[in-house]
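Derivation of every value follows stated rules applied to the coordinates shown; laboratory data play no part. If you're wondering where the values come from, they're calculated on a predicted model, not measured in any experiment. Cβ: placed from backbone, ideal geometry, glycine included. Neighbour counts: every protein chain shown.
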Amino acid sequence: MTLFEAIIIAIVEGITEFLPISSTGHMIITEKLLGVESDPFTRLFIVGIQLGAILSVVVLYYKRLMKPLQNGNWAFYAKLLVAVIPALAFGYFYSEKIDQLLDSALTVSVSMIAGGIFLLFIDKIFREEKIQNEEQISYTNALVIGLWQCVAMIPGVSRSAASIIGGMQQKLSRKLAAEFSFFLAIPTMAAATAHKFSETFHTLEYGQMKLFLVGNAVAFIVAVLAIRFFITFLQEHGFRVFGLYRIVAGVILLLLVILGIIN
């Protein structure tokens, strides 16, 4: 992987991490279109640079994240812990299978199309918005959202989409479902990156470490802009546009796979 390829993949990650269109799926597509070899470092890079994007949540929502700590209200953090447990367990037991799926463009294309069809109707399916703030989220709500997030272990599904849909299914408002998804991404992706990094750290060379750090920095900057756009757009327009985009992108990718242009 060259520095140019690392930057391109990181830009794609920053744009797509918080949109319900699958950041991992887009990075896999980008990797294959650039002709980047799928080796252990590439898989680490694709998972690891998501940490840079997640740090943008910490910066943008710093006051919201620190408020429970300042008030001595640990329930907010406990709910995030409950929500992240299913993904940690699922990732621990199925990490090898997940790694195999990261190489499958066919899996990504099918997941993107199926998820896109679902997003076309999500605003009509889950209209009821009873929960408007974090304090109203129960531990059961948090656990169910965490279970929804596990679906995103399949490349192309989108962690953001799965957890937001889980939030809306639990009657969170669209805005709160998106923000809780952002907060949930912090422990989820930190754990995923730490796990992947621990497996690969001893094999990394200086040049690869530099690519990893540059990728995280680029993903962070781009993600800050993407979050601001997404929250505003979501409140005004909902998910239909993202659903249409996923279907079109998934069909194009499927055709590329069928024609043998992408393996």
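Whats the longest run of the chain with zero trypsin sites (Lys or Arg not before Pro) that are DSSP loop and have at most 13 other Cβ atoms within 10 Å? Maximal segment without exposed cleavage sites: 131-263.
Averaging the inverse of every distinct alpha carbon separation and then flipping it gives the Kirkwood radius. What is it for segment 109-237, in angstrom units?
Details: mean 1/r = 0.0613 Å⁻¹.
Over segment 109-237, the inverse of the mean reciprocal pair distance is 16.3 Å.
Grab the alpha carbons of the chain, take their convex hull, and tell me the volume per residue in Å³.
On the way: hull volume 30.1 nm³, N = 263.
Convex hull volume per residue, Cα atoms: 114 Å³.
Loop-located chymotrypsin sites (Phe, Trp or Tyr not before Pro) across segment 1-110 with a Cβ neighbour count of 16 or fewer within 10 Å are 61, 74, with loop assigned by DSSP.
Counted without the sites themselves, the longest stretch of the chain free of GluC sites (Glu not before Pro) in a DSSP loop having at most 15 other beta carbon atoms within 10 Å is 38-127. Pairs of lysine residues in segment 3-258 that meet both criteria, 8 or more places apart or on different chains and Cα atoms under 22 Å apart, total 16. Based on DSSP H segments of at least four residues, each scored -39500 (n - 2.57), the chain has a per-residue ellipticity at 222 nm of -26000 deg cm²/dmol.
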